[in-house]
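Undergrad: Structure provided below as structure tokens; questions to follow.
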Amino acid sequence: MTSKTQIEIRRKQINEISLIEGNKSCFDCDNEPADWASINNGIFLCLQCATSHRNYGYNISFIKNAKLDNW
């Protein structure tokens with residue numbers, strides 16, 4: 001079980017990573033904001049591209065919201 005403190009630490013870490021210059025724009029199309037992440041590919045995506053990646057299946061691209069989801 002993950003504690004509330006661990007979730008907050010992870011959320012803060014993901015937020016810091018997302019603010020790095022190359023991570024502010026979508027990996028696929030360069031649009032901003034890139035508020036979604038493909039966990040297994042290690043990339044940030046815009047909403048439109050994240051939707052496309054969700055359709056690929058979890059084994060290809062596991063998508064989470066970088067701002068809202070629990071990590």
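The values are calculated or read from the model by the stated rules, or taken from the named source; none is laboratory data. The model shown is predicted, which means the values in this text are computed figures rather than measured ones. Every residue, glycine among them, receives a Cβ derived from its backbone with ideal geometry; neighbour counts consider all protein chains shown. The accessibility values were calculated without ligands, DNA or RNA, using every heavy atom of the protein model including side chains. Shrake-Rupley method; radii C 1.70, N 1.55, O 1.52, S 1.80 Å.
Undergrad: Which pairs have Cβ atoms under 7 Å, sit 6 or more apart or on different chains, and link a residue in region 60-71 that is closer than 16 Å to Glu8 by Cα and touching a residue at least 60 places away in the same chain (Cβ under 8 Å) to one that is β-branched (Val, Ile, Thr) and surrounded by 15 or more Cβ atoms within 10 Å (Cβ to Cβ)?
TA: Every condition considered, the pairs that remain are Trp71/Ile14.
Undergrad: All but one of (1) open to solvent by 80 Å² or more (accessible area, probe 1.4 Å); (2) under 26 Å from Gln6 (Cα atoms) hold for Glu32; state the number of the condition that does not hold.
TA: Result: Glu32 passes all but (2).
Undergrad: For the structure I just gave you, tell me whether Ile20 is free of Cβ contacts under 8 Å to residues at least 24 places away in the same chain and either open to solvent by less than 30 Å² (accessible area, probe 1.4 Å) or of a type in the set (A, V, I, L, M) (or both).
TA: For Ile20, the condition - free of Cβ contacts under 8 Å to residues at least 24 places away in the same chain and either open to solvent by less than 30 Å² (accessible area, probe 1.4 Å) or of a type in the set (A, V, I, L, M) (or both) - is met.
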